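Q: Below is one structure. I have some questions about it.
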Amino acid sequence: MIKKLLIVFIALVAIQSNAQQGGGSPYSFYGIGSLKFKGSVENRSMGGMSVYKDSIHINFANPATYGDNNIATFANESHPVKYTVGGSHNTSSLKSQSSSDNSTTTSFDYLALSVPVGKLGFGFGLLPYSTVGYKLETTNASGNPANRYEGEGGINKVFLSAGYQISNALSVGVNADYNFGKIENSAIEFAYNTEGGILSYQAKEYNRSDLSGLNWNFGLHYKKLFTDKLEFQGSLTYSPQANLVSKNERTFSTIVLDYSTGAEGEVNAIEADLASNGLDETTLILPSKYSVGAGIGEPRKWFAGLEYSAQKTSNFNNPLYDNTGTTFEDASKISIGGFYIPEYNSFSNYWKRTVYRAGLRFENTGLNINDQSIKEFGMSFGVGLPVGTPRNPFSNANIGLEFGKRGTTDANLVKENFVNINISLSLNDRWFQKRKYD
């Protein structure tokens, strides 16, 4: 099982390394970039709704779901160890009042393992938290390039989770995340002679920030069967405010343009004295966040839920940059979603064992540019394809498709229409299984 997961992981990394990285969201220019991680493929296929807890999927959003994760309800066996790995492919069309462009990216999304021990469960893994990827260019009154901005990088998380089943209905959990990564960006200012021709020498500013820090996430999960067929599930999470340490460097240089080859070269690089202004090491705030959700359904048949989350992004600031016209406001998200399984233990029809998912999400990203709140909308669909047999239905492949939009063309901003294709494997194995024969 582990060998299979490693093969999948290597394949995803290879895909990411060879994918087109010619851009991303222009809104990743701000803050620590665009938030990359929005849950597992199973959650994302339900509008990002993460209220639901079962025994064969890892729920990254709420650490309480790691408690008492056994599959005794499916078979007379226990202690399933869960592995999951996921990736995504994004295609975006970008449009402003004066121009349009396209962007395509492929990326690794997460790799995780969950190990239950009775009522106690543990999980750990790796996932990207935010991503920076943009190429922007402004023009002067003559339509010639004036400034060019490029950025790449982001923040990753290594997490360790623990959940405990307090009673048959209630579980609690805690999650520790170690955040690390780097963000690089550059700005080139073009210069022209009196006739309007571009000069051979241009000015460039380069910035790099290496970030690290720890944050916590606490969770509660309630699961109660009220009738033979009707089950209620509720979820609550809270992440207190945390800090990231950012070690920064900045250089100024001259770009030499070779008109015969089109090549660019840097000369006369000068490192800025950030220490004199106290900017060589700064503190970035990871704002506090909470979520609350609830839903009802029939076990192994259907589920429908609603989740609300809010984050105090108005507290975020980055002393290293002064983004004129940009402020941060409190972010919020509403997710609505669910799933349906025609017949989970069908022997005769594979598609009756398939999980069908759908959802919607409405999000205020917390970014305000030129007095315009940047909002995001997504509509998602997905399927969970059984990999095992009806007698061993513990592993599955998940495919999700999301259509959405972000931003606006008002106030000289950019509107994005995007399509996300998400793929994951959720693999289950049973440890500590008693042997029937010696």
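The values are calculated or read from the model by the stated rules, or taken from the named source; none is laboratory data. All figures in this text were calculated on a predicted structure; none of them were measured in a lab. Note: ideal-geometry Cβ built from the backbone for every residue, glycine included; neighbour counts use all protein chains shown. The area values use the complete protein model at the heavy-atom level, side chains included, leaving out ligands, DNA and RNA. Shrake-Rupley method; radii C 1.70, N 1.55, O 1.52, S 1.80 Å.
Q: Looking at (1) surrounded by fewer than 20 Cβ atoms within 10 Å (Cβ to Cβ); (2) touching a residue at least 40 places away in the same chain (Cβ under 8 Å), which is the one condition that is false for PHE108?
A: For PHE108, the exception is condition (1).
Q: Considering only region 31-46, state which residues are hydroxyl-bearing (Ser, Thr, Tyr) and either in a loop (DSSP other than H, G, I, E, B) or at pLDDT below 50 (or both). Explain how you work it out, then say what you get.
A: Our first condition is that a residue be hydroxyl-bearing (Ser, Thr, Tyr); within region 31-46, this holds for 34, 40, 45.
Once the filter is applied, which keeps residues that are hydroxyl-bearing (Ser, Thr, Tyr) and either in a loop (DSSP other than H, G, I, E, B) or at pLDDT below 50 (or both), region 31-46 yields SER40, SER45.
Q: Now a separate question. Select, from PHE316, PHE226, the only residue that is of a type in the set (A, V, I, L, M, F, W, C) and open to solvent by less than 40 Å² (accessible area, probe 1.4 Å).
A: Values: PHE226 fails: open to solvent by less than 40 Å² (accessible area, probe 1.4 Å).
Result: PHE316 is the single residue among PHE316, PHE226 that is of a type in the set (A, V, I, L, M, F, W, C) and open to solvent by less than 40 Å² (accessible area, probe 1.4 Å).
Q: Now a separate question. Limited to region 186-216, what total is found for residues that are of a type in the set (A, V, I, L, M), open to solvent by 40 Å² or more (accessible area, probe 1.4 Å) and over 28 Å from ASP280 (Cβ atoms)? Show your work before the answer.
A: Taking region 186-216 first, the residues of a type in the set (A, V, I, L, M) are 187-188, 191, 198-199, 203, 211, 214.
Filter once more, so that each one left must be open to solvent by 40 Å² or more (accessible area, probe 1.4 Å): 198-199, 203, 214.
From what is left, the residues that are over 28 Å from ASP280 (Cβ atoms) are 198-199.
Residues flagged as of a type in the set (A, V, I, L, M), open to solvent by 40 Å² or more (accessible area, probe 1.4 Å) and over 28 Å from ASP280 (Cβ atoms) within region 186-216 amount to 2.
Yes or no, residue by residue, for (1) over 25 Å from TYR134 (Cβ atoms); (2) within 17 Å of the chain's Cα centre (by Cα); (3) modelled with pLDDT of 70 or more; (4) not β-branched (Val, Ile, Thr):
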position: LYS3; (1), (2), (3), (4): yes, no, no, yes
position: ALA11; (1), (2), (3), (4): yes, no, no, yes
position: ALA14; (1), (2), (3), (4): no, no, no, yes
position: GLN20; (1), (2), (3), (4): no, no, no, yes
position: PHE29; (1), (2), (3), (4): no, yes, yes, yes
position: ILE56; (1), (2), (3), (4): yes, no, yes, no
position: GLY87; (1), (2), (3), (4): no, yes, yes, yes
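Q: Another question, then. Just one of the numbered conditions (1) more than 30 Å from GLY143 (Cα to Cα); (2) under 16 Å from the mean Cα position of the chain (by Cα); (3) modelled with pLDDT of 90 or more is not true of THR106; which one?
A: For THR106, the failing item is (3).
Q: Would you be able to tell me the number of residues in region 151-181 that are among the hydroxyl-bearing types (Ser, Thr, Tyr), open to solvent by 20 Å² or more (accessible area, probe 1.4 Å) and either within 12 Å of ASN217 (Cα to Cα) or not in a loop (DSSP other than H, G, I, E, B) (or both)?
A: Qualifying residue count for the region: 2.
Q: Restrict the check to region 184-191 and report whether at least one residue is in a strand (DSSP E or B) and among the aliphatic types (A, V, I, L, M).
A: Filtering region 184-191 down to residues in a strand (DSSP E or B) leaves 184-189.
Going one step further and asking which of them are among the aliphatic types (A, V, I, L, M), we end up with 187-188.
Yes; the residues of region 184-191 include at least one that is in a strand (DSSP E or B) and among the aliphatic types (A, V, I, L, M).
Q: Moving on. Which residues, taken from region 121-174, are over 30 Å from TYR192 (Cβ atoms), of a type in the set (S, T, N, Q) and more than 21 Å from the chain's Cα centre (by Cα)? If you could, list the steps in order and put the result at the bottom.
A: First pass over region 121-174, keeping only residues over 30 Å from TYR192 (Cβ atoms): 121-131, 153-174.
Adding the requirement that they be of a type in the set (S, T, N, Q) leaves 130-131, 156, 161, 165, 167-168, 171.
Residues satisfying the conditions are GLN165, SER167, ASN168, SER171.
Q: Scanning for something small (Gly, Ala, Ser) and closer than 30 Å to ALA162 by Cβ, does region 258-281 turn up at least one residue? Outline the logic, then answer.
A: Of region 258-281, the ones small (Gly, Ala, Ser) are 260, 262-263, 265, 269, 272, 275-276, 278.
Those left that are additionally closer than 30 Å to ALA162 by Cβ: none.
No, region 258-281 contains no residue that is small (Gly, Ala, Ser) and closer than 30 Å to ALA162 by Cβ.
Q: If I go through region 350-361 residue by residue, how many of them are out of contact with any Asp or Glu (no Cβ under 7 Å at 6 or more places or on another chain) and surrounded by fewer than 16 Cβ atoms within 10 Å (Cβ to Cβ)?
A: Qualifying residue count for the region: 2.
The rows are residues; the columns are (1) among the aromatic types (Phe, Trp, Tyr); (2) under 21 Å from the mean Cα position of the chain (by Cα); (3) on the phi > 0 side of the Ramachandran plot.
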| residue | (1), (2), (3) |
| --- | --- |
| ASP177 | no, yes, no |
| PHE190 | yes, no, no |
| GLY197 | no, no, no |
| ALA203 | no, no, no |
| PHE218 | yes, yes, no |
| LEU225 | no, no, no |
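Q: Can you confirm whether VAL115 is part of a strand (DSSP E or B), more than 23 Å from PHE252 (Cα to Cα), aliphatic (A, V, I, L, M) and open to solvent by less than 70 Å² (accessible area, probe 1.4 Å)? Give the derivation first.
A: Numbers: part of a strand (DSSP E or B): yes; more than 23 Å from PHE252 (Cα to Cα): yes; aliphatic (A, V, I, L, M): yes; open to solvent by less than 70 Å² (accessible area, probe 1.4 Å): yes.
For VAL115, the condition - part of a strand (DSSP E or B), more than 23 Å from PHE252 (Cα to Cα), aliphatic (A, V, I, L, M) and open to solvent by less than 70 Å² (accessible area, probe 1.4 Å) - is met.
Q: Test SER167 against the criterion of being closer than 26 Å to LEU286 by Cβ and not hydrophobic (A, V, I, L, M, F, W, C), and give yes or no.
A: Numbers: closer than 26 Å to LEU286 by Cβ: no; not hydrophobic (A, V, I, L, M, F, W, C): yes.
So SER167 fails the test.
Q: Looking at region 84-105, which of its residues are assigned to a strand (DSSP E or B) and open to solvent by 60 Å² or more (accessible area, probe 1.4 Å)?
A: Residues of region 84-105 that are assigned to a strand (DSSP E or B), as a first pass: 84-95, 100-105.
Those that are assigned to a strand (DSSP E or B) and open to solvent by 60 Å² or more (accessible area, probe 1.4 Å): HIS89, THR91, LYS95, SER100, ASP101, ASN102.
Q: Taking region 196-217, which residues are within 30 Å of PHE60 (Cα to Cα) and of a type in the set (Ser, Thr, Tyr)?
A: Passing the criteria: SER209, SER212.
Q: Could I ask something else about it? Any idea which residue in region 31-51 is surrounded by the most Cβ atoms within 10 Å (Cβ to Cβ), counting only those that are among the basic types (Lys, Arg) and under 19 Å from GLY295 (Cβ atoms)? Explain how you work it out, then say what you get.
A: Initially, region 31-51 is screened for residues among the basic types (Lys, Arg), giving 36, 38, 44.
Pick out the ones that are also under 19 Å from GLY295 (Cβ atoms) and you get 38, 44.
Numbers: LYS38: 23, ARG44: 31.
For region 31-51, the residue satisfying everything is ARG44.
Conditions (1) within 30 Å of GLY338 (Cβ to Cβ); (2) assigned to a strand (DSSP E or B); (3) at pLDDT 95 or above, marked per residue:
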{"position": "GLU205", "(1), (2), (3)": "no, yes, no"}
{"position": "ASP210", "(1), (2), (3)": "no, yes, yes"}
{"position": "PHE218", "(1), (2), (3)": "yes, yes, yes"}
{"position": "HIS221", "(1), (2), (3)": "yes, yes, yes"}
{"position": "GLY234", "(1), (2), (3)": "yes, yes, yes"}
{"position": "ILE255", "(1), (2), (3)": "no, yes, no"}
{"position": "THR261", "(1), (2), (3)": "no, no, no"}
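Q: Okay, next question. When both residues are 6+ apart or on different chains and their Cβ atoms are under 9 Å apart, which pairs have a first residue that lies in region 292-303 and is open to solvent by 50 Å² or more (accessible area, probe 1.4 Å), and a second that is modelled with pLDDT under 95 and of a type in the set (Asp, Glu)?
A: Every condition considered, the pairs that remain are ARG300/ASP54; LYS301/GLU343.
Q: Separate question: Yes or no: ASN398 out of contact with any strand residue (DSSP E or B) (no Cβ under 9 Å at 6 or more places or on another chain) and touching a residue at least 60 places away in the same chain (Cβ under 8 Å)? Break it down stepwise before answering.
A: Details: out of contact with any strand residue (DSSP E or B) (no Cβ under 9 Å at 6 or more places or on another chain): no; touching a residue at least 60 places away in the same chain (Cβ under 8 Å): yes.
So ASN398 fails the test.
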